[in-house]
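Input: a single structure, listed below in structure tokens.
The values are calculated or read from the model by the stated rules, or taken from the named source; none is laboratory data. Remember, predicted model here, so these are calculated numbers, not experimental data. Neighbour counts are summed over all protein chains in view; Cβ atoms, including those assigned to glycine, are modelled from backbone coordinates with ideal geometry. These accessible areas exclude ligands, DNA and RNA; they are computed on the full protein's heavy atoms, side chains included. Shrake-Rupley method; radii C 1.70, N 1.55, O 1.52, S 1.80 Å.
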Protein chains: 2
Amino acid sequence: MTQQPSKIVEFDHPCPIRDVLDRIGDQWSVLVLLTLQPGTRRFNELMREIGDISKQMLSRTLKHLEQDGFITRTVYPEVPPRVEYDLTELGHSFLEPMQALVAWADANHRTIAESRRRYRAGE
Amino acid sequence: MTQQPSKIVEFDHPCPIRDVLDRIGDQWSVLVLLTLQPGTRRFNELMREIGDISKQMLSRTLKHLEQDGFITRTVYPEVPPRVEYDLTELGHSFLEPMQALVAWADANHRTIAESRRRYRAGE
DNA sequence: GGACTAGGTCTACTAAATAGACCTATACGG
DNA sequence: CCGTATAGGTCTATTTAGTAGACCTAGTCC
């Protein structure tokens with residue numbers, strides 16, 4: 001319980017949009033949500049599918065997402081323990097506009113890569 | 001030129017979507033783009049309008065966005081110097097799906113805030 | 001009774017972000 | 001003519017966030 005203090009629950013940003021975007025705009029949240037989209041996942045499944053997230057960050061990201069109501073966390077008191085994560089209604093509804101963005105990224109990543117190349121080559 | 005190395009131009013992420021999302025998913029990029037949406041802005045105008053971004057991060061974010069083709073940077077060689085930033089076509093097109101997300105955030109921030117409160121109160 | 005398991009947490013280390021001093025060259029005020 | 005202000009940054013030192021990897025738990029299998 002004495003872990004890094006982390007301002008988990010303090011979010012009195014005056015602008016509600018920044019409030020929300022700051023939260024889902026971190027390195028991992030969107031990725032976790034997208035990984036949960038096809039259905040239930042367990043902790044280590046998420047680790048494997050995402051590939052390069054650390055345990056601590058996954059743990060923290062999941063805690064945030066649960067706290068904000070994007071996902072549910074279900075513990076089965078077995079040994080070894082089993083914990084399942086699922087998108088909530090809110091989580092699913094968030095992914096709709098997010099999909100539009102993913103589609104945009106998919107459609108435009110070539111243009112962007114090209115722009116980067118040109119820039120690197122010295123304008 | 002000997003600033004913090006920064007892997008500005010290295011982005012060989014296998015997944016193009018993560019590539020793009022990692023870039024615009026940082027703390028500031030989206031905020032800068034939204035601030036440029038109404039029209040041309042100068043460096044210090046962006047500083048003031050965003051409010052809590054550091055000079056260095058604004059400078060870096062603008063460089064990234066220019067590099068990726070989201071904005072243009074126009075220098076007027078006066079003294080004191082004048083530099084104007086503008087969204088490109090690509091920048092504007094990106095903001096379309098982004099608007100959907102902003103609208104979602106606006107529509108749901110109450111639900112989220114409520115969820116956080118409940119969580120803090122101990123479920 | 002030793003090894004293995006899943007889902008984490010803890011600690012020590014490294015990378016990134018911030019605050020704020022500093023730089024440039026000209027124009028203006030006294 | 002000397003000091004000051006100005007815009008758009010960069011540099012350095014400090015604070016903060018993220019990572020890697022050891023460790024914990026307790027029940028089941030060998």
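So here's what we get for this one:
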| read-out | value |
| --- | --- |
| Unique match (being within 14 Å of another protein chain (Cβ to nearest Cβ) and closer than 16 Å to B:Ile112 by Cβ) among A:Leu31, A:Leu65 | A:Leu65 |
| Test: residue in the stretch A:37-49 that is within 13 Å of chain B (Cβ to nearest Cβ) and open to solvent by less than 60 Å² (accessible area, probe 1.4 Å) | no |
| Filter result (of a type outside the set (A, V, I, L, M, F, W, C) and open to solvent by less than 30 Å² (accessible area, probe 1.4 Å)) within the stretch A:89-107 | A:Gly91, A:Pro97 |
| Within the stretch B:68-82, considering residues that are touching a residue at least 12 places away in the same chain (Cβ under 8 Å), more than 16 Å from B:Val30 (Cα to Cα) and within 14 Å of chain A (Cβ to nearest Cβ), the one farthest from DNA strand D (Cβ to nearest atom) | B:Thr74 |
| Only one of A:Asp68, A:Asp26 that is within 13 Å of DNA strand C (Cβ to nearest atom) and acidic (Asp, Glu) | A:Asp26 |
| Count - residues of the stretch B:30-53 that are closer than 23 Å to B:Leu101 by Cα and within 10 Å of DNA strand D (Cβ to nearest atom) | 1 |
| Residue among A:Thr72, A:Thr88 that alone is under 22 Å from B:Ala103 (Cβ atoms), at pLDDT 95 or above, under 14 Å from the mean Cα position of the chain (by Cα) and β-branched (Val, Ile, Thr) | A:Thr88 |
| Any hit, the stretch B:54-66, residues being closer than 30 Å to A:Leu65 by Cα, at pLDDT 95 or above, open to solvent by less than 20 Å² (accessible area, probe 1.4 Å) and away from DNA strand D (no atom under 13 Å from the Cβ) | no |
| Unmet requirement for B:Tyr85, which otherwise passes all of (1) surrounded by 19 or more Cβ atoms within 10 Å (Cβ to Cβ); (2) within 13 Å of chain A (Cβ to nearest Cβ) | (2) |
| Residue list for the stretch A:48-81, restricted to those being in a loop (DSSP other than H, G, I, E, B) and among the aliphatic types (A, V, I, L, M) | A:Ile53, A:Val79 |
| B:Leu31, sole failed condition from (1) at pLDDT below 85; (2) part of a helix (DSSP H, G or I); (3) not hydroxyl-bearing (Ser, Thr, Tyr) | (1) |
